[in-house]
1. What does the average come to when, for each residue of peptide A:348-359, you count the partner chain Cβ atoms lying within 10 Å of its Cβ?
2. Cross-link partners among lysines for B:LYS402, C-alpha distance below 20 Å, same-chain residues fewer than 8 apart left out?
3. Which whole number in µm²/s is D for chain B by Stokes-Einstein, with the Kirkwood Rh taken over Cα pairs at 20 °C and 1.002 mPa s?
4. Pull up all non-local amide H partners of A:CYS232: gap of 5 or more, or a different chain, and H-to-H distance under 5 Å with H placed in the peptide plane.
5. How do the peptides A:218-228, B:29-39, B:344-354, B:297-307 rank, highest first, by the average count of neighbouring beta carbon atoms within 10 Å per residue?
6. Once you compute Rg and the Kirkwood Rh from C-alpha atoms, what is the Rg to Rh ratio for region B:58-204?
7. Within the set of other residues whose C-beta is less than 13 Å from the C-beta of A:ALA369, count the net charge using Lys and Arg as +1 and Asp and Glu as -1.
8. So what is the 222 nm mean residue ellipticity for chain A from helices alone, if each DSSP H run of at least 4 adds -39500 (n - 2.57) and you divide by all residues, rounding to the nearest 500 deg cm²/dmol?
There are 2 protein chains.
Amino acid sequence: MTHPSLTAPAPSALDAIRAVVGDRGVIGGDTSAYLTEWRGRWRGETPMIVAPASTREVAAVVRICAANGVAITPQGGNTGLVGGQIPFGNEILLSLKRMRRIRDLSPLNNTMTVDAGLTLAEAQAAAESADRLFPLSIGSEGSCQIGGVVSTNAGGVNVLRYGNTRELVLGLEAVTPDGEIWDGLRRLRKNNTGYDLKQLFIGGEGTLGIVTGAVLKLFPRPRETTTAFVGCASPADAVALLSHAQAATGGAATSFELIPRLGLDLVLKHIPGTRDPLDQPHPWCVLMEFSSGKAANLRAAAEAMLAEAYEKGLLRDAAIADSEAQAQMFWRIRHALSEALNGEGKGVRLDVSVATSDIPAFLEQADAAVARAAPGARVVAFGHVGDGNVHYDPIPADGAAKDALDDRREAIEAAVYDVVDAFGGSISAEHGVGRARRDDLARLRSPVEQAMMRAVKSALDPKGIMNPGKMLSP
Amino acid sequence: MTHPSLTAPAPSALDAIRAVVGDRGVIGGDTSAYLTEWRGRWRGETPMIVAPASTREVAAVVRICAANGVAITPQGGNTGLVGGQIPFGNEILLSLKRMRRIRDLSPLNNTMTVDAGLTLAEAQAAAESADRLFPLSIGSEGSCQIGGVVSTNAGGVNVLRYGNTRELVLGLEAVTPDGEIWDGLRRLRKNNTGYDLKQLFIGGEGTLGIVTGAVLKLFPRPRETTTAFVGCASPADAVALLSHAQAATGGAATSFELIPRLGLDLVLKHIPGTRDPLDQPHPWCVLMEFSSGKAANLRAAAEAMLAEAYEKGLLRDAAIADSEAQAQMFWRIRHALSEALNGEGKGVRLDVSVATSDIPAFLEQADAAVARAAPGARVVAFGHVGDGNVHYDPIPADGAAKDALDDRREAIEAAVYDVVDAFGGSISAEHGVGRARRDDLARLRSPVEQAMMRAVKSALDPKGIMNPGKMLSP
């Protein structure tokens, strides 16, 4: 199949698109905010950046593209981490930024129906204004958009309790690759009437159509939250601590984040105003948060649980936040990890998952594989251990050149991915495939699986115009 | 496309299948347990009933079928309600009953990997033996099988808290229509590496392949459970009560089942040993259950919540079970509803859902539609109102002939489905489509949606051999 993005769109097609969206719908001037990946890892190219104002306009644009063999890359807040939102050739870039309505908000039904261009933070705020919680929370929530969050099945820090985006979407509206509008905006908890088509668009990375709206699940707002910072001897103790904490609190843990000693030290070194919440240094730390939908004296429950865990030898020390400010200080350490690592040079950022119970063995084997692939490299493995999801980031040796790992990047990725594969894990737990992981996927996923994926892609996007070259190689 | 099940399999193909599974794998003698739908609504036909002993045998059988254009109907416990498990022509019937291993059970990872032929009750018991909960619970759990609950995305009485089967499956193993084994048995909470293919098999009703194994999510076992039986003035009060109960208990409600006066009266009339838990008759009742993963004095919380609801006028009377035996008596009323309705003649059994907040208005309009379509018919609307799911069952007028509604069945279904459609609801909330709802689906689902469904079906089952005539018309 020829790569649609390799053929430049006819000027007449671009004129027709402009006629649909009007001058306001065509973005000119400095386009770097759309074409440059936010970390500067990719710089895209496109013949046109179009921002339709409505689902109907999106459909009209797609119909023109389908008729003229013009490829399309949909884009939300341009916060993606795998290049899925960047056009690399002749794809037009279709931004949902002008579609930001809240179409419906029903506290009684615990649902909210929104346009794809609404930011995640705006969606969270709308839910809160109705005394409800939309629990999805990720670092980029201020600028990422619902359409992007849906198309990448975003995860974040509350998955342990509320699930990934997939579990938070009840209905979708999407424009198909032939420019039809699919109205799947159902506000239903139960609907067994045929294939659950929305599941293909959730995490579909814009390769099967363009998500234009979504029905989101809402929850009661937590009335009480308790945050603790804990020192552990090993990842094995941390995993056992999670099991203990869930049993003791009746599953009240909403976050359970692993932080290694080196990661904490680098935060203290590079991020002003941070300090270790614990008096003594411990080889591993865990940031855990508990929440309850009603007053439940969570702090006392957390204290009792931690004391018991200490008796069992699962932890060495623990601090419970005395104030919202202190809780935020704990979280600041967790959120500052990526930035702190940048201070040590160019690392390799991997986002993998295994069975939670396999995390200790996985870390051991992955560290050994990295030591072979890049002797001296340091590893900072952190993140959502409660979901079996580790952000596994090798960085240059202490004092080594910032770019010391550049020529080892591929060797490191291959080495770690082989360990992930041996554990039946995932090489992209929450970031997706996009351009960055596409070829790894082709190497690691079974032929049966790849054949099914290609069959679905060809069936729903026979002309191959939707985000070509992402997820699946052309 | 010609209907594969219209051409009889060549004897040579059947011989080849027998050679794969051996004599033990071919079921002869009295086959009514496989061919007769359990309520006697459908009686099937098949050239052969085959029960492979392993996934490899299933794959070998399917390869023979693919090569010879032989259609296949997969069957679990034969407890389905829409005829999806019944072969109606020349499809061979493939039973998973001999595949019943528990392949893996990890309390630390909270997952269980099982064969498709394991019964739901066996899966529940295995989880319990590891001090874990597998929360799916439906009336047929003693005989229905995991492969069947996955293929129909079964719901049940705990969806409010734990979700449908779709939310309880982390990984799948399936045999594709060309006889390949897809190993998607991942034990991961997070995996964003391409289309989530398992979602197509969940609720796919065996039309895209045969589910042979599944990784199921486990939860901490509830340590405390409280069951209440409540009298209400209206469905509107019941819906408001749900919202109040969830807010007051921090979302501790695991079940919230609506029971109308008429339904309760018919249970008392037809089911020996039942009695009204409340002293006075109320127009509507709600059976609610609360559970907690830890000791939480739930009964006191429930009492306080109900007292407050009484003050607000959301309920008229309430009884909290004093013992496990009394709780079971409450549940017996709920579970006996279907049987009690049978005592009143042949009714029309509908399984619909709308937004929870729309339930009161839906019931009003649906009752009016039934009154027009079948004057005098009585309606018993009950069930999982917490999920917006109502089992909506018109029955003959009091004292009318048992078959009084027979000639009105289609008119009633059409009338109610039009109301469901007007509310953006589902005409099959949890029972699926199968043969029974196939033509309604063709009438009510949008052309865009049907085109996408057919595209997926043709892409993954190009020869159309998987459960033909189910869900999609041939």
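All of the numbers you see were taken from the coordinates with simple rules; none came from a lab. For clarity, every value in this text was computed on a predicted model and none was experimentally measured. Cβ atoms come from the backbone with ideal geometry, glycine included; neighbour counts cover every protein chain shown.
1. Partner Cβ neighbours, averaged per residue: 4.
2. Counting by Cα, and skipping residues close in sequence, B:LYS402 has these lysines nearby: B:LYS269, B:LYS346.
3. Diffusion coefficient, whole number: 91 µm²/s.
4. A:TRP284, A:CYS285, A:VAL286, A:ARG316
5. Most protected by this proxy first, the peptides run B:344-354, A:218-228, B:297-307, B:29-39.
6. Rounded to two decimals, Rg over Rh is 0.96.
7. Around A:ALA369, the surrounding residues sum to -3.
8. Computed ellipticity for chain A at 222 nm equals -10000 deg cm²/dmol.
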